[in-house]
1. For each of 49, 161, 67, 114, count neighbouring Cβ atoms within 10 Å of the residue's Cβ, then give the residues from fewest to most.
2. What distance in nm separates the two pseudo spin-label positions at residue 168 and residue 122, each 7 Å out from Cα along the beta-carbon direction?
3. Between residue 48 and residue 161, what length in nm is gained on full extension when 0.36 nm per residue of separation is reduced by their alpha carbon distance?
4. Where does each of 155, 124 land when they are ranked from fewest to most other beta-carbon atoms within 10 angstrom?
5. Multiplying the sequence separation of residue 63 and residue 151 by 0.36 nm and subtracting their Cα-Cα distance, what value in nm do you get?
6. Just rank 147, 50, fewest to most, by other beta-carbon atoms within 10 angstrom.
């Protein structure tokens, strides 16, 4: 529970290399890769001043909403844990760090309209990349990859890959 206190804190190293701003509002298809298995879900997202809301439409399960932002949201942690833990051995404490890194990413994008290529935490890091064939709408990348890596002693291993493909980029609220 101690980790929840620092949800909005800057907890890690941020790469100075930047990418174009990412589209965080709209709808599209999300590819989730966990343990070598790919899952595709439709999603709708909305970027607000203090949060990034992602509604994931899972077949047979229904919609699950993940709210990423400065304030801790237990339901969002649980929903994030739902698809990260499928086929992986990530515990709930680690999901809190992952949530914090994603919150940091959203905060950086909104505060300076740039996207860092890397954000490092204690156990995990997030690599952000934009495909060569990126579409740009309203000055923002419509397609991007968030690769969540577990930091190892010798090498890092991918825990989760999220490929966001926005059909259309909407304005931030």
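1. Values: 49 8, 161 16, 67 22, 114 13.
The most exposed by this proxy come first: 49, 114, 161, 67.
2. Placing both labels 7 Å beyond Cα along the Cβ direction yields 4.4 nm.
3. On the way: separation 113, 0.36 × 113 = 40.68 nm, distance 2.35 nm.
My answer for the length gained is 38.3 nm.
4. On the way: 155 8, 124 22.
Starting with the residue having the fewest Cβ neighbours, the order is 155, 124.
5. Values: separation 88, 0.36 × 88 = 31.68 nm, distance 3.10 nm.
Stretched out fully, the residue 63 to residue 151 stretch lengthens by 28.6 nm.
6. Working: 147 18, 50 14.
Result, fewest neighbours first: 50, 147.
Where a number appears in this text, it was derived from the coordinates with a stated rule and is not lab data. These figures come from a predicted structure and were not determined experimentally. Every residue, glycine as well, gets a Cβ built from its backbone with ideal geometry; the counts of neighbours run over all protein chains shown.
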